[in-house]
Protein chains: 2
Amino acid sequence: MSDALRIVLVSSRNPLNIGAAARAMSNFGFADLRIVNPYEVAFQEARSAVKSRYILERAQVCSTVAEALEGATLVVGTTALGHRDLHAPLYRLETGARLLREHLTGGKAALLFGSEKFGLSNEDMSHCHWLTRIPTREAHGSMNLGQAVAICLYELKREADEAARAEYPKAEAAASEHLERLTGVLMELLTISNYAQERTIETTELKLRRMVRRLSLSQHDAEVLLGMMRQVLWKVKQAPPAEM
Amino acid sequence: MSDALRIVLVSSRNPLNIGAAARAMSNFGFADLRIVNPYEVAFQEARSAVKSRYILERAQVCSTVAEALEGATLVVGTTALGHRDLHAPLYRLETGARLLREHLTGGKAALLFGSEKFGLSNEDMSHCHWLTRIPTREAHGSMNLGQAVAICLYELKREADEAARAEYPKAEAAASEHLERLTGVLMELLTISNYAQERTIETTELKLRRMVRRLSLSQHDAEVLLGMMRQVLWKVKQAPPAEM
């Protein structure tokens, strides 16, 4: 069983799908499940096969995506859409799984699935380093959630031995919570400097969050950059308020 | 849509699974479904997503496996078991799907799935040329039926050559002079904020320059970041000078 990959279900509506996701996780040897903001009783009513019940028992329910990503150094979103308006690199699952496997040899990753009806929101996706798509046919792209989870995990385990070759040592990637902290300080800086104006504040935050994820920051660099920006923030707060 | 592969569900008990199988078939472009001897009302109650309803509507219910196999020149059974007592060649799905694809270029094949509880019986398996197994872990091998169908169809459609390409064009990398301009503005910010002190100013600049290069910034992101930092710099310059 591996805890290197976390499965994150965002706003799931159907307890059967949560149970099915847990079962597929057990089938393929994954145990770390988090559920973000599930619909009403979806999580309480979720049941799974006897052998995968322990996954539901230790699953954490989180109120935000950021909370569910704690500790993950790579965040990957799933989508049924083509590449329009996605603002992030999109890989077919065959490629995405290979990249994920490479990361998992040394780091922790989270794989996000959106709600049955709407998939991941733009804000959910802004937490992702990149996106992946199961190669369904265009005329009927949207998959059942439990089946989508199963296919992704299968692809990860598929002939996994062939991919388990050692890569050159990479610097440890920054965890999601550090990237989010950096995003927060930058956002404060941009607001106080009037770069982000009231009517654009939300899109600016989305753009900023995506950009910070694209930087492929190491843990060390993320800390250094955070320290720098905090110092700048301290200074900027001494400036007189902007004239509106 | 292809009719070269037929999906045969034997003695399915759960209408949800029949519906899920139909949905996965539609997702991956298969339309020929036969159901052998389903439990009581399992087939009558089966529902599927709107876009795959036509598959259920044209599905045939048969009373024997032999009847369901009419016209197929290759018959493949699925099993969660290891190879004991199977009396037929058993291939992992990666290999089985390749053999199936080869056959489908010129012939008709049927892929059999057994009941949720017992899988295929020995008699069912006796109709099969060979068997295939999804590589689940030994301690929990048995998959949900709808998920198993989805994985098999995915593996059949999965790009064999895995042309490892992003669908999203990679952004143009930032040119050196832009990185240097960004480094300059950041350095000014750090100096004015007293992050870089006089005796450390040179090493800070070196560290900063290296870090900016590690960010793998695109041209676009470098420009955006430069704009942000210039705005912050404008603001920070309005702060009273630091006490030394």
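Tabulated results
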| quantity | calculated |
| --- | --- |
| On Cα atoms only, tilt of A:201-214 relative to the major axis of chain A in degrees | 70 degrees |
| Nearby aspartates and glutamates by direct alpha-carbon distance to B:Lys235 (threshold 13 angstrom, same-chain neighbours under 8 apart not counted) | A:Glu188, A:Glu243, B:Glu188 |
| Value in Å of the Kirkwood radius, where the stretch A:31-86 supplies the Cα pairs that are averaged | 13.4 Å |
| Fewest-first ranking of B:Glu172, A:Glu205, using other Cβ atoms within 10 Å as the exposure measure | B:Glu172, A:Glu205 |
| Positive-end extreme of charge dipole, the stretch B:184-244 - chosen from B:Leu208, B:Val236, B:Gln219 (charges on Cβ) | B:Gln219 |
| Nearby lysines by direct alpha-carbon distance to A:Lys51 (threshold 23 angstrom, same-chain neighbours under 8 apart not counted) | A:Lys157, B:Lys117 |
| Helix-only mean residue ellipticity at 222 nm for chain A, each DSSP H run of n ≥ 4 adding -39500 (n - 2.57), per residue, nearest 500 | -13000 deg cm²/dmol |
| Label point 7 Å beyond Cα along the C-beta direction, distances from A:Glu177 to other copies (nm, shortest first) | 4.4 |
| Whole-number D in µm²/s for the stretch B:176-236 (Stokes-Einstein; Kirkwood sum over Cα pairs; 10 °C, 1.306 mPa s) | 135 µm²/s |
| Pseudo-label separations to other copies for A:Ala4 - Cα-to-Cβ vector, 7 Å, nm | 3.6 |
| Crossing angle, helix B:15-28 versus chain B [Cα axis fit, 0-90 degrees, rounded to tens] | 60 degrees |
| Relative contact order, percent, chain B [alpha-carbon distance under 8 Å, six or more residues apart] | 19 percent |
| Unit charges on C-beta of K, R, D, E only; dipole of the protein assembly as shown, Debye | 40 debye |
| Equivalent ellipsoid semi-axes - Cα gyration tensor, the stretch A:1-132, angstrom | 22, 18, 13 |
| Nearest 10 degrees, 0 to 90: helix B:93-104 Cα axis against chain B principal axis | 60 degrees |
| Alpha-carbon radius of gyration plus Dmax, which is the widest Cα pair, for the protein assembly as shown in Å | 26.5, 91 |
| Kirkwood hydrodynamic radius of chain A, Cα pairs, Å | 19.0 Å |
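Since every read-out is calculated from the coordinates, none of them should be taken as a lab result. Keep in mind the model is a prediction, meaning the values are calculated, not measured. No Cβ is skipped: glycine too gets one built from the backbone with ideal geometry, and neighbour counts run over all protein chains shown.
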